[in-house]
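Right, one structure below, let's go through it.
The values are calculated or read from the model by the stated rules, or taken from the named source; none is laboratory data. Please read these numbers as outputs of a predicted model, since none were measured by experiment. Positions of Cβ are generated from backbone atoms using ideal geometry, with glycine treated the same way; all protein chains shown enter the neighbour counts.
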């Protein structure tokens, strides 16, 4: 009998993260909801329980390295491995702006959470992913992190100049590229997935629901041998 697959989704107490957790649970995965605050994590677990879906929550603050290390220790103690890591947690700061006027404090905060926080979680969880038969890492990217699209006047993303957020997602893509190469041949695959333009608390507007936006990340979390790719709903995205 195949051992139950375990997934950690960071920032999964609301929005697209919660939808990813929901769809993974529907697929029979044991989902661990990473949330900055215990109360919010428990509320998300109760939300899934109301739909007869089983999940657990764990405190995981990407700005608190001790919480990241404690979460990894708890997962090791309770499960001994991790099959799926979805680096979903991220922020947008409205003091972010074009390079000439962006708040340095805002840019630093966005980079700390969206990139350095994701890197810290990935480093902490890698030993657990190595214990799984086939580990999977999905980095929630954005087309705003594409250098090609940022430089293309015909792109819908060309005018969206938020130096902190865009740079943080470009850095996350660099993590995908380098980590996929470092782990090549280990059975662990790593991909950047841009869910599309999803309306959440982070964006405030968009043309996709969180449910629709969760489908592609969930697909890459569950199956496929592809690694080191950057994709969105319409297909591959240029770096």
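Across region 4-31, which residue is nearest to residue 134 (Cα to Cα) among those that are out of contact with any helix residue (DSSP H, G or I) (no Cβ under 8 Å at 6 or more places or on another chain) and free of Cβ contacts under 8 Å to residues at least 40 places away in the same chain? Checking each candidate, the answer is 4.
Scanning region 220-236 for residues that are at pLDDT 95 or above, part of a loop (DSSP other than H, G, I, E, B) and within 11 Å of residue 193 (Cβ to Cβ) yields a count of 1. Kindly indicate whether residue 170 is farther than 28 Å from residue 59 by Cβ, surrounded by fewer than 22 Cβ atoms within 10 Å (Cβ to Cβ) and in contact (Cβ under 8 Å) with a residue 24 or more places away in the chain. Yes, satisfied.
From the list 28, 15, 11, 80, which one is on the phi > 0 side of the Ramachandran plot and modelled with pLDDT under 95?
Details: 28 fails: modelled with pLDDT under 95; 11 fails: modelled with pLDDT under 95; 80 fails: modelled with pLDDT under 95.
On inspection, the qualifying residue turns out to be 15.
Just one of (1) in contact (Cβ under 8 Å) with a residue 12 or more places away in the chain; (2) more than 16 Å from the chain's Cα centre (by Cα); (3) not in a loop (DSSP other than H, G, I, E, B) fails for residue 178. It is (1). I'm trying to understand the selection: among the residues of region 104-138, which are farther than 18 Å from residue 69 by Cα and either out of contact with any helix residue (DSSP H, G or I) (no Cβ under 8 Å at 6 or more places or on another chain) or in a helix (DSSP H, G or I) (or both)? Within region 104-138, 104, 105, 106, 107, 108, 109, 110, 111, 132, 133, 134 meet the criteria.
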